[in-house]
Amino acid sequence: MELSRRDFIGCSAAIAAMTGGWVSNLAFAAPGDTTRRDILVVLFLRGGCDGLSLVAPVDDSNYVVARGDLRLRDSGTDAALRLGNPLPGGDFRLHPRASALKELYDAGRLAVVHACGLTNGTRSHFEAMDYMERGQPDGNGVGTGWLARHLLSTNPQGLLPALASSGNTPESLIGTSSAVALTDVNNFRLRGNSNTYTPQMQSALQSFYNGTTPLLRAGATTLNAISAVSNAIPRDGSGNPLPYNPEGNAQYPTAAGSALANALRTVARLVKMDVGLEMATVDFGGWDTHENQSNIFPNLIEGLARSLHAFFNDLVRYQDRLCVVVMSEFGRRLKANRSAGTDHGHGNLMLVLGGGVRGGKMYGNWPGLATEQLDNGVDLAITTDYRQVLAELLENRLANPATADVFPGLGSYQPLGLTYAPGQEPPPGVVGAGRTTYLPLVRR
């Protein structure tokens, strides 16, 4: 049967309406997939996170003068946290409210790449995010996102719901139908007045979406995903979902960063369901700190740090296959403004967390903060294209050598040595209280 455009839109809308929420940008591989590709989580800090308030050379006189009261300090009750294995040229320290990140760093699981970012000099949030998510410095001639091109080049098979082309899908996933949107695992289900009729609804819909056309295949995979996720949720005797209990003594924050914590908790639950989760994108906004930064930024950083710490420990059985990359569209200007904040800048940092990450070390080339070393005399210069970091992760951890297709125009690049080769990762362990307790490795 040949479907008209009206039929296609109507059927797709019906499938979308049947799910109880948009899945926040997840891509699934086949259930029971034995590939050694990492589970990639891309956490985007929307608004332009101030990298020089997260990690900075506190002994640099240019930094001290330019930042004034906003600077990180090397002494006192609010002293920043010294990082081991820093970049040459400074006493690099981490924001004092990021002690949870310091534990991950000291445990060798977290790496910091500084003076990196989008080489295009735009200070527009929308342009910068668009260019970064399309994987091109200017987005010229690129109609798809870099994550979409990665998925297309690796061709994962399995649960890839047809809800991928929702308005909530980030531009990094534009160009693939292998994504769905979800905010609550318990609500990813067929809607109805009672669970009594859910099996009948499922059976009826599966008989309808039974064919080889793209639409029918998409509907079938969506229904299969709904069924797999629903069946994996532990329930009580009445069929109600049981509360989720994180592993590894993980404690997700309930105040600072609670929205981020909830999103990461959802990802962790789906990973453990073994429904083939291969990739997730998570957004954390509020980083456009033009004013009152000293009151806003610390809470954001604490929420980020505690959420990532809990997420990593919660997935202790999967750490050897977990890779989290944290990025933002640009950094902030070196000099503080008159509103006790910082304006749109250029160079920034990236965080890379995972069991296969050579953490406990800073990477990149530090350009310096003297006026003549700054970009246009005002901003931290970029010495590492953010795509170099992502390309290395794709090649070494996600088994995708097609980086030229994922990042057209990047050309040859020098890997930073961020990651271990697959199979050489240190054993997974629970990170906390300044110590690492290693647990037996469990392959799923």
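Computed packing ranks the peptides 91-99, 363-371 as 91-99, 363-371, most packed first, by mean other Cβ atoms within 10 Å. Segment 102-120 and segment 307-367 have their alpha-carbon centroids 5 Å apart.
Pull out the extension gain between Asp283 and Ser412, defined as 0.36 nm times the separation in residues minus the alpha carbon to alpha carbon distance; nm, one decimal.
The span from Asp283 to Ser412 would gain 43.5 nm if fully extended.
For Lys335, a cut-off of 17 angstrom between C-alpha atoms picks up these aspartates and glutamates, skipping any fewer than 8 places away in its own chain: Asp50, Asp59, Asp60, Asp69, Asp288, Glu291, Asp343, Glu372, Asp375, Asp379.
The lysines within cross-link reach of Lys361, meaning a Cα-to-Cα straight distance under 23 Å and a gap of 8 or more places when in the same chain, are Lys102. Using the Cβ-Cβ distance between Gln373 and Ala259 with R0 = 45 Å, the FRET efficiency computed as 1/(1 + (r/R0)^6) comes to roughly 0.75. Peptides 341-347, 205-211, 48-54 ordered by packing proxy, namely the average of other Cβ atoms within 10 Å per residue, highest first: 48-54, 341-347, 205-211. In the neighborhood of Tyr131, defined by Cβ-to-Cβ distances under 11 Å, what is the net charge if each Lys or Arg adds +1 and each Asp or Glu adds -1? Charge balance near Tyr131 sits at -4.
For segment 315-444, the dipole from Cβ point charges (+1 on Lys and Arg, -1 on Asp and Glu) about the Cα centre works out to 620 debye, to the nearest 20.
Just so you know, all these numbers are worked out from the coordinates, no wet-lab data involved. The structure displayed is predicted, hence computed values, not measured ones. So basically every Cβ, Gly included, is an ideal-geometry build from the backbone, and we count neighbours across all protein chains shown.
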